[in-house]
1. Can you give me the ranges of the strands (runs of 3 or more DSSP E) entirely in the range 1-119 with at least 3 residues that are surrounded by 22 or more Cβ atoms within 10 Å (Cβ to Cβ)?
2. Go through the range 180-195 and report how many residues are assigned to a loop (DSSP other than H, G, I, E, B) and under 15 Å from the mean Cα position of the chain (by Cα).
3. Among the listed residues Glu166, Glu86, identify the single one that is in the same structural domain as Ala258 (by TED's automatic domain parsing), without any contact (Cβ under 8 Å) to a residue 60 or more places away in the chain and acidic (Asp, Glu).
4. Take Lys3 and decide whether it is touching a Ser or Thr at 6+ places or on another chain (Cβ under 6 Å), among the charged types (D, E, K, R), at pLDDT 95 or above and over 30 Å from Lys183 (Cα atoms).
5. With the requirement that a residue be touching a residue at least 12 places away in the same chain (Cβ under 8 Å) and polar (S, T, N, Q), what does the range 222-254 give you?
6. Failed condition for Gln213, given (1) in contact (Cβ under 8 Å) with a residue 24 or more places away in the chain; (2) within 22 Å of Ala140 (Cβ to Cβ); (3) out of contact with any Leu (no Cβ under 8 Å at 6 or more places or on another chain), with all others met?
7. If Asp102 passes every condition in (1) of a type in the set (D, E, K, R); (2) free of Cβ contacts under 8 Å to residues at least 12 places away in the same chain; (3) under 19 Å from Lys180 (Cα atoms) but one, which one does it miss?
8. Could you check how many residues of the range 139-177 are crowded, with 17+ Cβ neighbours inside 10 Å, in a helix (DSSP H, G or I) and under 16 Å from the mean Cα position of the chain (by Cα)?
Amino acid sequence: MKKIFIDGSEGTTGLRIFERFEGRDDIEILKIPSELRKDAVEVRKYINASDITFLCLPDAAAREAVAMVENNKTIIIDTSTAHRTEPGWAYGYPELSKAHRDAIRTGKRIAVPGCYATGFITIAYPMVADGMLPKDYPVAAFAMSGYSGAGKKTIAVYEAENRDEELDAPREYALSQNHKHLKEMQAITGLERMPLFSPLICDYYSGMIVTLQFYTELLRNKPTPEQVHAMFTKYYEGEQFVRVMPFGKETDYNGFLAGNTCSGWDGIELYVTGNVDRMLVSTRFDNLGKGASGAAIQCLNIILGCEENKGLVL
């Protein structure tokens with residue numbers, strides 16, 4: 001039985017990871033007393049006593065926690081931004097390639113993808129790998145997310161009884177084009193240009209849509225939406241967490257894609273829409289599921305050699 005420690009267990013991601021362990025008999029949770037969770041000496045003891053430690057911390061604290069590892073046994077699964085593009089860290093998105101899945105299975109340091117980055121990379125990585133998307137393409141993306149992705153302080157603001165009325169409407173942010181996920185989006189996909197990215201935070205708890213926009217004439221061989229859909233279907237064939245939705249499926253929703261539909265689910269949907277000149281590719285998922293804690297648990301399951309969906313909702 002593997003010993004698991006969650007450093008940062010009282011945050012949104014940490015709590016969701018803990019919830020997903022309910023009923024599992026193949027792990028033992030090491031629970032640090034609440035009053036000691038910020039005591040560096042005690043945290044060090046728990047990290048080194050564990051077989052696997054989840055880090056659900058701010059970036060600086062995650063780096064400090066990794067430095068506390070004193071053995072060659074403890075595996076780190078980090079949900080922060082700190083190590084996603086660092087050498088020696090496996091990127092925790094197994095569906096991207098066999099090499100990604102193998103690196104997670106055999107690695108000691110695994111970085112869980114960011115939520116927006118998950119939606120973006122699900123689309124851009126296969127397109128670049130196929131050669132359909134030139135690496136120098138000026139990719140533009142927009143996204144919407146429930147407010148839970150912004151952490152406990154923002155959740156409290158949105159759920160306050162006498163909140164500001166501007167929170168009733170979607171709010172665009174990251175206007176400086178310096179969102180923390182951009183580095184990851186570019187590095188993992190191999191794009192030569194930093195993407196343009198416009199995210200929105202919306203008045204619902206969880207769920208996310210990320211959409212990339214393309215002029216088909218700037219893609220290799222000017223593919224039709226149907227051809228792009230066929231490429232994604234083949235690329236993700238057999239992957240239970242990534243569902244390429246039937247072509248034209250959005251018509252079942254009267255041409256709308258709602259951001260909160262996948263809340264509580266741990267997979268990700270992919271839609272190809274548009275026309276022969278201009279095309280949209282969208283991913284829809286739970287920012288707290290495949291975009292955070294669900295992805296972290298999937299990585300754990302790969303390491304343990306059990307079913308990848310164990311403890312998850314698909």
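1. Filter on the range 1-119 gives 2-7, 52-55, 75-78.
2. Counting residues in the range 180-195 that are assigned to a loop (DSSP other than H, G, I, E, B) and under 15 Å from the mean Cα position of the chain (by Cα) gives 2.
3. After ruling out the rest, the residue left standing is Glu166.
4. yes
5. Residues satisfying the conditions are Thr224, Gln240.
6. All conditions are met except number (3).
7. (3)
8. 3
The values are calculated or read from the model by the stated rules, or taken from the named source; none is laboratory data. All values derive from a computational prediction rather than experimental measurement. Quick reminder, even Gly has a Cβ in these numbers, built from the backbone with ideal geometry, and neighbours come from all protein chains shown.
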